[in-house]
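Down below is the structure, laid out as structure tokens.
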Amino acid sequence: MKQSSHHFLTAETVEAVAQVFKALGDPTRVKILHLLSQEECAVSHIAEVLELSQSAVSHQLAYLKNLRLVKAKRQGNQFFYSYDDDHVITLLKQAIHHIEHE
């Protein structure tokens, strides 16, 4: 096949894809995204359910929010988080399905 017939990715696309996989490469972020795929949660709820400090959860949520993988909405004095990218949740669920059905 000639090089001219290949579709090449832009440097920006390659970097963005790598960032998504980097996000999914961290066990804590996987746990958080999996929880958020099931329900919208406050930081305190995520920390309690996953047995993590609120500081650790907040740090990871900021990372995920920066990549636009989660979003936050304010209710009173709390922020509630939910996932913001169906495609990434699909990737996550496919990876879980792959592992659980080996």
key: Relative exposure of ARG68, ARG29, ARG74, judged by other C-beta atoms within 10 Å (fewest first)   = ARG74, ARG68, ARG29
inquiry  = Under 21 Å between alpha carbons: how many lysine pairs meet that in the chain, if sequence neighbours fewer than 8 apart on the same chain are excluded?
reply    = 11
message = If you take every residue apart from LEU67 with its C-beta less than 13 Å away from the C-beta of LEU67, what net charge results, scoring Lys and Arg +1 and Asp and Glu -1?
response = +1
key: Gaussian network model of the chain, Cα within-10 Å springs - most flexible of LEU69, LEU35, LEU52   = LEU52
query = Fewest first, what order do GLU48, GLU12 take by the number of other Cβ atoms within 10 Å?
reply = GLU12, GLU48
task = At 10 °C and 1.306 mPa s, grab the translational diffusion coefficient of the chain from Stokes-Einstein with a Kirkwood Rh over Cα pairs, rounded to a whole number in µm² per second.
result = 106 µm²/s
request  = Would you mind computing, in nm to one decimal, how far apart the modelled labels at ASN66 and GLU102 are, each placed 7 Å from Cα along Cα→Cβ?
outcome  = 3.1 nm
message = Let me check I've understood the local charge: for LEU52, count other residues with C-beta under 15 angstrom from its C-beta, Lys and Arg +1, Asp and Glu -1. What total comes out?
response = -1
note = The simple spin-label model distance between HIS6 and SER82, using points 7 Å out along Cα→Cβ, in nm, is 4.1 nm
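None of the figures in this text is laboratory data; all of them are computed from the coordinates on show. Computed from a prediction, not measured in an experiment: that's the story for all the values here. Here the Cβ is made from the backbone with ideal geometry for all residues, glycine too, and neighbour counts use every protein chain on show.
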